[in-house]
Amino acid sequence: MMNETNPIIAFVWSGWTATWPTALLALIWATWLMSWLIGSFFSGRTEKHVRTWDSRAYRIPILIGAILLTPWTATVLGEKPLWQVGTTGTYILAVLAAAGCLFTWWARIHLGRFWSNAITRKEGHRVIDTGPYGLVRHPIYTGLIGAMIATGIAVGTITALLGTALIAFGLWQKARMEEGFLSTELGADAYGPYCQRVPMLVPFLPQR
């Protein structure tokens with residue numbers, strides 16, 4: 001039995017999750033994912049949401065990107081990193097990835113019961129423009145994109161970089177769709193000035 005399970009375990013813990021310090025990135029993402037799933041049980045009642053079929057515009061690139069970013073894809077394809085950032089470089093990038101994940105949690109806690117994994121309008125929904133939402137309109141996506149970029153650079157494979165790009169594109173698509181939805185649901189007079197005042201994803205970016 002042990003001989004039968006060893007190849008499976010070896011495959012699960014293969015690629016960049018099997019070597020230190022890139023394994024630290026896997027630990028960071030596993031911790032974030034588990035905490036995020038637990039936090040999903042604490043949310044306000046949904047009054048309206050974007051149709052599941054319409055959400056494929058951002059769900060598909062995020063899903064494909066996530067598959068490409070996993071270490072198993074690189075293992076199956078026999079990929080080698082395009083570069084080596086070294087131990088110190090990986091630790092620095094891991095700190096940046098952790099900072100991005102913490103930024104998402106700051107935004108989620110600040111948003112409170114208005115948070116949702118999908119594009120929705122919650123009961124009593126209003127524009128939040130304080131805390132991280134005073135820096136960017138979508139701080140959760142900003143934190144995720146930043147953490148993904150740090151991970152992609154640390155891993156350094158073509159599939160990891162392509163996966164990072166697809167996830168970033170999917171989150172950008174989701175942000176655009178969310179803004180159109182909220183402008184309609186909350187009113188352009190309420191959401192429009194906020195969009196003119198605060199950047200969408202990049203902090204301190206001058207607004208036109």
TODO: Arrange the peptides 193-201, 143-151 so that the one whose residues have, on average, the most other Cβ atoms within 10 Å appears first.
DONE: 143-151, 193-201
Task: Projected-area average for the range 59-163 over all orientations - Cα convex hull basis, square nanometres - done: 7.6
Open item on the list: On alpha carbon coordinates alone, what is the Rg over Rh value for the range 121-206, Rh being the Kirkwood radius?
Closed with: 1.05
Open item on the list: Need the full-extension length gain, Y91 to S55, defined as separation in residues times 0.36 nm minus the C-alpha distance. One decimal, nm.
Closed with: 9.4 nm
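Where a number appears in this text, it was derived from the coordinates with a stated rule and is not lab data. Remember, predicted model here, so these are calculated numbers, not experimental data. FYI the Cβ positions are ideal-geometry reconstructions off the backbone, even for glycines, and counts take in every protein chain you see.
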